[in-house]
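Right, one structure below, let's go through it.
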Amino acid sequence: IVVATVAAALLKLPVLYVEVPDNLWSEIHFPSWTVLQSVSFSVVFQAGIVLAVVASAETLLCATAVDQMQSDTRTDYNRELAAQGIGNMVCGLLGALPMTGVIVRSSANVEAGGKTRLSAILHGLWLLVFVSLLAFILRMIPTAALAAMLVYIGYKLINFKAIRELRKYGWGEVAIYATTVGTIVCTDLLTGVLTGIGLSAIKLLHTFSHLVVSLDVDQENRKAVLSL
């Protein structure tokens, strides 16, 4: 990030850079009846359900991945979701973007040696300091550099050994895994997760149907043998 920022600044590259407001407090917008009157309740309710499902799925997947990366502390999923719900209520009151668990900063904390939840609190504190006091530095960072960092960290999270272990259960499991990952990359997290769940359900039904058929065949064979 430092190298890309320095290179973009020296060469004055015409690329997209991080956008940060001059005054963070000016971006706070408290809810008003005018906003609620201009939008139907069904639209607000639908948006809330979608955000809850997406944020919860991302947080739970992130927590599971972090638990696999370290063995010092384990995630309390109920507490995690409760904290996220309270945090999103505060975000809604301040007009901020919804919050959720993010694997990038979580893995960065683990790799940096973080052992307690204080690492996540300090992570947020440093972000607040930079956005509030050092916004001019953030504006020098090319967004492409941040995208490259996300791709690299995502690649490091791939467990190739687990994929090989998955092969023992059949190529069908590998195909579902690959389809889920591809759908997440090409579309979004929620679509990918729902696709994976749907394919798993179809495979499970297919397996059960063949099992029932094989049991019926066995019973018919037994009856034929007994009749002889």
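Give the residues of the stretch 37-80 that are under 28 Å from residue 111 (Cβ atoms) and not in a helix (DSSP H, G or I), sorted by residue number.
70, 71, 72, 73, 74, 75, 76, listed by residue number.
Can you name the condition, by its number, that residue 145 falls short on among (1) surrounded by 12 or more Cβ atoms within 10 Å (Cβ to Cβ); (2) at pLDDT below 80; (3) of a type in the set (A, V, I, L, M, F, W, C)?
Only one criterion is unmet by residue 145, namely (2).
Is it true that residue 11 is under 15 Å from residue 92 (Cβ atoms), without any contact (Cβ under 8 Å) to a residue 12 or more places away in the chain and open to solvent by 60 Å² or more (accessible area, probe 1.4 Å)?
No; evaluated as a whole, the condition is false for this residue.
For the list (1) closer than 24 Å to residue 155 by Cα; (2) open to solvent by less than 60 Å² (accessible area, probe 1.4 Å); (3) of a type outside the set (Asp, Glu), I need the number of the one condition that residue 61 fails.
Going through (1) closer than 24 Å to residue 155 by Cα; (2) open to solvent by less than 60 Å² (accessible area, probe 1.4 Å); (3) of a type outside the set (Asp, Glu) one by one, residue 61 breaks only (2).
Could you check the stretch 160-175 and list, in sequence order, the residues that are surrounded by 13 or more Cβ atoms within 10 Å (Cβ to Cβ) and under 22 Å from the mean Cα position of the chain (by Cα)?
If the condition is that a residue be surrounded by 13 or more Cβ atoms within 10 Å (Cβ to Cβ) and under 22 Å from the mean Cα position of the chain (by Cα), then 163, 166, 173, 174 are the ones that fit.
Does residue 207 count as modelled with pLDDT of 85 or more and either within 21 Å of residue 158 (Cα to Cα) or surrounded by 10 or more Cβ atoms within 10 Å (Cβ to Cβ) (or both)?
Here the answer is no, as residue 207 does not meet what is asked.
Taking residue 143 as the residue in question, decide whether it is touching a residue at least 60 places away in the same chain (Cβ under 8 Å) and among the polar types (S, T, N, Q).
yes
Just to check your reading of the model, which residue among 56, 32, 38 is of a type in the set (Gly, Ala, Ser) and either within 29 Å of the chain's Cα centre (by Cα) or at pLDDT 85 or above (or both)?
Of 56, 32, 38, the one residue that is of a type in the set (Gly, Ala, Ser) and either within 29 Å of the chain's Cα centre (by Cα) or at pLDDT 85 or above (or both) is 56.
If the requirement is being modelled with pLDDT of 90 or more and open to solvent by less than 60 Å² (accessible area, probe 1.4 Å), which of these qualifies: 96, 108, 82, 135?
The conditions single out 82.
Can you tell me which condition residue 20 does not meet? The list is (1) in contact with a Phe, Trp or Tyr (Cβ under 9 Å, 6 or more places away or on another chain); (2) open to solvent by 80 Å² or more (accessible area, probe 1.4 Å); (3) not in a helix (DSSP H, G or I), and all the others hold.
(2) is the only condition that residue 20 fails.
The values are calculated or read from the model by the stated rules, or taken from the named source; none is laboratory data. Small disclaimer: the values here were computed from a predicted structure and weren't measured. Note that we place each Cβ from the backbone using ideal geometry, even for glycine, and neighbour counts take in every protein chain shown. For accessibility, only protein heavy atoms count, side chains too; no ligands or nucleic acids. Shrake-Rupley method; radii C 1.70, N 1.55, O 1.52, S 1.80 Å.
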